[in-house]
Amino acid sequence: MPGRVSVVIPALNEAESIGSVVRSMPWHEIEECIVVDNGSTDQTAELARVAGARVVNSPRGYGAACEAGARTAVASSDVLVFLDGDGSDDVAAMPLLVGPIERGEADFVIGSRMRGKAEPGSLNGAQVFAAKMIGALVHKLYGFRYTDMGPFRAIRREWLETMQMREMTYGWNLEMQIKALKMGLRVAEIPVNYRCRIGGESKVSGNAWASVKAGARILGVLARAR
């Protein structure tokens, strides 16, 4: 990575992990690390700042946090990388996602947890089922089979800006994936390893109600895209 990369990490109450995640960044290969505080009530923002991140506040939802981070990235960055702040994404795999974009081989690259090695307990059955179901539906509608909707992804900045993202909740990832296909972008999936979160509770799969709400939003994105 030649240094034209901005890393965006949406984070909500990730005080137990965010410092470690930020410190693990390949600082000599990126322009910046932006942590978007999504309305945390703990020390997430402070710990991220101490670890070296630039902190942006956006308490309106996961997608809104991603959008805020992308919008405030420094002008010199032409690739944006998104990942979670809970320590589950393998930061060391970042060059695998950015590389195809830098080499002109892809416009949008997703780190697939389903194709990589997932630590026992890091993914639950509902997440695996949702990935397979949505993947099958998208394949039927658009002819491309995604294996995951994971947060770890890289995209050329100009294409993300062209997408004019609308979904400000957990449907953001799927909206990006569908729009990439509708725009005819070169899409790639790269297997990535996935770990159990360092601490805290998942906002998507941490409990049954959270899973239901996230699932409804994701299906809503698929319906609106049609």
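The values are calculated or read from the model by the stated rules, or taken from the named source; none is laboratory data. In this text, all values refer to a predicted model and were calculated from it rather than measured experimentally. Using ideal geometry, Cβ is built from the backbone for each residue, glycine included, and neighbour counts are taken over all protein chains shown. With ligands, DNA and RNA removed, areas are computed over all heavy atoms of the protein, side chains included. Shrake-Rupley method; radii C 1.70, N 1.55, O 1.52, S 1.80 Å.
Listing for the model above:
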item: Residues located in the stretch 23-54, provided they are in a helix (DSSP H, G or I), crowded, with 19+ Cβ neighbours inside 10 Å and in contact (Cβ under 8 Å) with a residue 40 or more places away in the chain; result: 44
item: Output for the stretch 57-103, where each listed residue is open to solvent by 20 Å² or more (accessible area, probe 1.4 Å), farther than 16 Å from residue 13 by Cβ and not small (Gly, Ala, Ser); result: 67, 71, 72, 74, 78, 90, 95, 96, 102, 103
item: Boolean, residue 92 is hydrophobic (A, V, I, L, M, F, W, C), farther than 24 Å from residue 193 by Cα and within 16 Å of the chain's Cα centre (by Cα); result: no
item: Any hit, the stretch 134-145, residues being assigned to a loop (DSSP other than H, G, I, E, B), in contact (Cβ under 8 Å) with a residue 12 or more places away in the chain, of a type in the set (Phe, Trp, Tyr) and under 22 Å from residue 17 (Cα atoms); result: no
item: Which numbered condition residue 99 misses (of (1) modelled with pLDDT of 95 or more; (2) more than 19 Å from residue 160 (Cα to Cα)); result: (2)
item: Residue check for residue 189: open to solvent by less than 50 Å² (accessible area, probe 1.4 Å), at pLDDT 95 or above and out of contact with any helix residue (DSSP H, G or I) (no Cβ under 7 Å at 6 or more places or on another chain); result: yes
item: Residue in the stretch 44-55 that is touching a Ser or Thr at 6+ places or on another chain (Cβ under 7 Å) and within 19 Å of residue 17 (Cβ to Cβ) present; result: no
item: Test: residue in the stretch 108-130 that is open to solvent by less than 30 Å² (accessible area, probe 1.4 Å), assigned to a helix (DSSP H, G or I) and closer than 19 Å to residue 185 by Cβ; result: no
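Here is a yes/no grid of residues against (1) within 24 Å of residue 100 (Cα to Cα); (2) within 18 Å of the chain's Cα centre (by Cα); (3) part of a loop (DSSP other than H, G, I, E, B):
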site	(1), (2), (3)
56	no, yes, no
70	yes, yes, no
76	yes, no, yes
80	yes, yes, no
